[in-house]
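Chemist: Next up is a structure, given as structure tokens.
The values are calculated or read from the model by the stated rules, or taken from the named source; none is laboratory data. Predicted model only: the values in this text are computed from it and were never measured. Positions of Cβ are backbone-derived with ideal geometry, glycine not excepted, and every protein chain shown enters the neighbour counts. Side chains are part of the model used for accessible areas, which takes the heavy atoms of the whole protein and leaves out ligands, DNA and RNA. Shrake-Rupley method; radii C 1.70, N 1.55, O 1.52, S 1.80 Å.
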Amino acid sequence: MDARLEPFDTKMQKSLNNLDEEYGTIRAGRANPHVLDRLKVDYYGTPSPIQSVANVNVPEPRMLQIQPWEPSMVKVIEKAILTSDIGINPTNDGKVIRLVFPELTEERRKELAKEIKKKGENTKVAIRNIRREANDTFKKLSKGDVSEDEIKGLEEEAQKLTDKYIAKIDKAVEEKSKEILTV
């Protein structure tokens, strides 16, 4: 790969990684500790991820168990979960918080599948914008001492890179949709 394409490859990879992270937070009826990744709790004045103030484990396929290291954090974590968009009511016994994931309804599965496709499309748009940025950068090179053939070659390489990432996005969308729609 031409060194002039590397920054664009890096940006495209970051877009794909971001999509993977977003997909990790979508719950599929099974307990997944990653649904808590975006939640922050106030830990002595510092917004901290739940995983840094508690043990999070999966004792059963559809249950998350959160055991704070400090008993005072139980209420704080519970409040963070209640005010989030997770859509699950936590239960606690004073020491441990439990999140029981209900079985997804057919309607909710279809809703999530649409959301997955939308996130995939948004990532494709980001990839295409990176390609356009690359092409604009290469066109500016023509004012210098780079031949038109070399610029055409760079644009073709940028298109191949774009196609590669679009295919990866399509695969990620397909896999996540399949996971959501499988009962």
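Chemist: Can you pull out the residues in segment 130-162 that are closer than 22 Å to Glu22 by Cβ and out of contact with any helix residue (DSSP H, G or I) (no Cβ under 9 Å at 6 or more places or on another chain)?
Modeler: Correct list: empty.
Chemist: A further question on this structure: Please determine, by comparing only the residues of segment 111-128 that are touching a residue at least 24 places away in the same chain (Cβ under 8 Å) and open to solvent by 20 Å² or more (accessible area, probe 1.4 Å), which one is nearest to Ile166 (Cα to Cα). Before the answer, list the steps.
Modeler: Taking segment 111-128 as the starting set, the residues that turn out to be touching a residue at least 24 places away in the same chain (Cβ under 8 Å) are 112-113, 115-117, 119-120, 123-124, 126-128.
Now narrow it down to the ones that are open to solvent by 20 Å² or more (accessible area, probe 1.4 Å): 115, 117, 119, 124, 126, 128.
On the way: Glu115: 18, Lys117: 13, Lys119: 13, Lys124: 6, Ala126: 10, Arg128: 9 Å.
My answer is Lys124.
Chemist: Something else about it: So which residues in segment 100-110 are open to solvent by 80 Å² or more (accessible area, probe 1.4 Å) and part of a helix (DSSP H, G or I), if there are any at all?
Modeler: Glu106, Glu107, Arg108, Lys110, listed by residue number.
Chemist: A further question on this structure: Here are some residues: Gly24, Gly45. Which one is on the phi > 0 side of the Ramachandran plot and out of contact with any Lys or Arg (no Cβ under 8 Å at 6 or more places or on another chain)? Outline the logic, then answer.
Modeler: On the way: Gly24 fails: on the phi > 0 side of the Ramachandran plot.
Exactly one of Gly24, Gly45 is on the phi > 0 side of the Ramachandran plot and out of contact with any Lys or Arg (no Cβ under 8 Å at 6 or more places or on another chain), namely Gly45.
Chemist: Got a sec? Which of Arg98, Arg108 is without any contact (Cβ under 8 Å) to a residue 40 or more places away in the chain, under 27 Å from Thr123 (Cβ atoms) and of a type in the set (Lys, Arg)?
Modeler: Details: Arg98 fails: under 27 Å from Thr123 (Cβ atoms).
Step by step, each of Arg98, Arg108 is checked, and only Arg108 is without any contact (Cβ under 8 Å) to a residue 40 or more places away in the chain, under 27 Å from Thr123 (Cβ atoms) and of a type in the set (Lys, Arg).
Chemist: Can I ask one more? Considering only residues of segment 99-123 that are basic (Lys, Arg) and within 14 Å of Glu179 (Cα to Cα), which is modelled with the lowest pLDDT? Even if it seems obvious, please write down each step before you answer.
Modeler: The first filter runs over segment 99-123 and keeps only residues basic (Lys, Arg), leaving 108-110, 114, 117-119.
After this cut, where a residue has to be within 14 Å of Glu179 (Cα to Cα) as well, the list is 108-110, 114, 117.
Details: Arg108: 81, Arg109: 84, Lys110: 86, Lys114: 91, Lys117: 94.
So, considering only residues that are basic (Lys, Arg) and within 14 Å of Glu179 (Cα to Cα), the one modelled with the lowest pLDDT is Arg108.
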